[in-house]
1. Could you give each residue of the stretch 124-140 its phi-based ³J(HN,Hα) in whole Hz, using Karplus coefficients 6.51, -1.76, 1.60 with θ = phi - 60°, and x for Gly or Pro?
2. For the chain, which span is the longest to avoid every loop-located (per DSSP) member of trypsin sites (Lys or Arg not before Pro) having at most 11 other Cβ atoms inside 10 Å?
3. Taking θ as phi - 60°, what are the ³J(HN,Hα) couplings along the stretch 6-18 by the Karplus curve (6.51, -1.76, 1.60), each to the nearest whole Hz, with x for Gly and Pro?
4. Once the dipole of the stretch 1-105 is set up with Lys and Arg at +1 and Asp and Glu at -1 on Cβ about the Cα centre, which of Ala100, Gly41, Asn80 lies farthest towards its positive end?
5. Please report the antiparallel percentage of the DSSP beta bridges confined to the chain, to the nearest 5.
6. Tally Lys/Arg at +1 and Asp/Glu at -1 over every other residue whose Cβ is under 14 Å from the Cβ of Ala156; what's the total?
7. Explain nothing, just the number: dipole magnitude of the chain about its Cα centre with +1 on each Lys and Arg Cβ and -1 on each Asp and Glu Cβ, in debye rounded to the nearest 20.
8. How large is Rg over Rh for the chain, taking Rg from the Cα atoms and Rh as the Kirkwood inverse mean of 1/r across Cα pairs?
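The values are calculated or read from the model by the stated rules, or taken from the named source; none is laboratory data. Note that the coordinates shown come from a computational prediction; the quantities given were computed from them, not determined experimentally. Here the Cβ is made from the backbone with ideal geometry for all residues, glycine too, and neighbour counts use every protein chain on show. Areas reflect the complete protein model, heavy atoms only, side chains present, ligands, DNA and RNA absent. Shrake-Rupley method; radii C 1.70, N 1.55, O 1.52, S 1.80 Å.
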Amino acid sequence: KLTISAIRGNAAAGGLMMALAADLVWTHENVVLNPHYKSMGLFGSEYWTYNLPRRVGADKSNELTESMLPISGKDALHINLVDQILGRNGEEFEAQLESAVDTIAGSFNLPEKLNQKKRKLADPLFFNQLESFRTNELLIMKENFASEVYNNARRAFVRKQCPKGTPCHINSLSTL
């Protein structure tokens, strides 16, 4: 089965990382994507350590997650974070989406690149590899959830408290 993630609005952290698991990722030019968890004091899960480098390469993945800078849909297409741009904004995206899906659905043959990917995913070794990504992410997230930094940030967020200064996990990045 072919899966398509259609990102109409801005996406960040886990919402974006889960979208990257699809075979095809579509959005519009002016969507704002934040492919990181760091500003929340988290490492992140959702298999991002597999899916993000798979799409953009290890170096670009590291740059995106460490710099904490947003990226537009147009720029995301340029680095292969997304596969297709439909329109300049959410309304144009939505207007073009059904037609684009119909075009894909009307095609009896997946492009060879997707067929190769699907065959790889059927390999039992792939599931072992994927499990190692999951295990590593969850171990680090367990440490995050136990940290005072994260719990203070979470508590302030839930209580809608204004920050008294730059959070320490972001302040250390001021040299970027």
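1. x, 5, 4, 5, 5, 5, 4, 4, 5, 4, 4, 4, 5, 4, 5, 5, 5
2. Longest stretch, sites excluded: 2-158.
3. For the stretch 6-18, the Karplus curve yields 10, 9, 7, x, 4, 9, 8, 6, x, x, 6, 4, 5 Hz.
4. Going by the Cα projections, it comes out as Gly41.
5. Numbers: 2 of 9 bridges.
Just about 20 percent of them are antiparallel.
6. Net local charge, Ala156 excluded: +4.
7. 500
8. Result: Rg/Rh = 1.01.
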